[in-house]
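Remarks on the structure that follows.
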């Protein structure tokens, strides 16, 4: 049985849902929706309503992941998981994460309406902590689903000093219920996510959809450089221990190391805090972050070692102190070859070629791979822009992506997916 597809209608519905979800924000002027905030609660409630309207049963776990359940083969049958996240960065675009949740709901709604039966169940998941913008606990929602949540992260604090434990309780959930969020080992067939590309490749190739080969590994560091405060007008340049030029030189070293890499490495210094931060005082302390990503775990680790050596050399040369600590580390996740093939075939059924390409951005699949094989479908985004209000995917492309998920589900039986990396392209 094949579901009749109205791609234009799917795209129009996706756009309307994206706009409705995008209106839920902590600010009336831009989109900001952090994990376990009142805005997250409102978004989760909206997503839950959409799931019910699609004919799904709805539940929510301790980390706030909203789950829409369809179990034609019974509640004990193995599950195919389709999902993404509904949290955002500050001043975000509307499509990152949210689009994948919307497309999963729309695809399953069409499957349910058509009366299609499967020998497995499907859960649509709306995670809440993919961006890591409130707490230094990126992927805690999906980690809980995968059974790899780190209890120590409950002590992590946000900018207001609120711990993750306190935020969960304020959200109305119980930390004692976190173990219940984990899917049973062996009870999940695969995890599949549709996501905007967040890059320019599909647009350059003139293709609306692509299939991901691997999610790049990532390391995040906090670097603290210490010097000595002094009067900006009285301390001679040769006698200064200015923390800011030292930090700036270290930031340039990160850039130089990434540019020299041959595995598509990217490095970003996204935050820099200066103390005491006065216009007429020499900076005594600078703390900055480093985000380092690569499709090769070996090259990423080598780059981290080179940066540490460079940072200490710069600090010694400038008579400064430096402390480097890692607060986030995920390895490269190859997407399962069988899922790549099935997604490409689904796109081909719609008359399009799906290029194979890696993801330089992080995704919930980096946690879910601890549970099951992972596959990803990319959707073209205008100018490759993401984490920006200008982020955009057309209704036509979103309609095609929803249709591809429907075709994927139609053909998806119970394969022997016994490993997430077997035969995967990296």
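The values are calculated or read from the model by the stated rules, or taken from the named source; none is laboratory data. Note that this is a predicted model, so its numbers are computed, not measured. Heads up, the Cβs are rebuilt from the backbone with ideal geometry, glycines too, and the neighbour counts pull from every protein chain shown.
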Can you tell me which residue is surrounded by the most Cβ atoms within 10 Å (Cβ to Cβ) among those in the stretch 351-366 that are modelled with pLDDT of 95 or more and in contact with a helix residue (DSSP H, G or I) (Cβ under 6 Å, 6 or more places away or on another chain)? 364
Note on the stretch 69-96: residues more than 20 Å from the chain's Cα centre (by Cα) and surrounded by 21 or more Cβ atoms within 10 Å (Cβ to Cβ) are 70, 79
Only one of (1) at pLDDT 95 or above; (2) surrounded by fewer than 17 Cβ atoms within 10 Å (Cβ to Cβ); (3) assigned to a strand (DSSP E or B) is not met by residue 322, so which one is it? (2)
Scan the stretch 118-142 and report the pairs whose first residue is on the phi > 0 side of the Ramachandran plot and whose second residue is buried (at least 24 other Cβ atoms within 10 Å of the Cβ) and outside any loop (DSSP other than H, G, I, E, B), with Cβ atoms within less than 6 Å and a gap of 6+ or a chain change. 139/367
Please determine whether any residue of the stretch 5-18 is at pLDDT 95 or above, in contact with a strand residue (DSSP E or B) (Cβ under 9 Å, 6 or more places away or on another chain) and either buried (at least 21 other Cβ atoms within 10 Å of the Cβ) or over 24 Å from residue 410 (Cβ atoms) (or both). no
Of the conditions (1) over 17 Å from residue 139 (Cβ atoms); (2) out of contact with any helix residue (DSSP H, G or I) (no Cβ under 6 Å at 6 or more places or on another chain); (3) outside the structural domain of residue 251 (by TED's automatic domain parsing), residue 271 fails just one. Which one is it? (3)
Just to check your reading of the model, which residue among 333, 379 is at pLDDT below 95 and touching a helix residue (DSSP H, G or I) at 6+ places or on another chain (Cβ under 6 Å)? 333
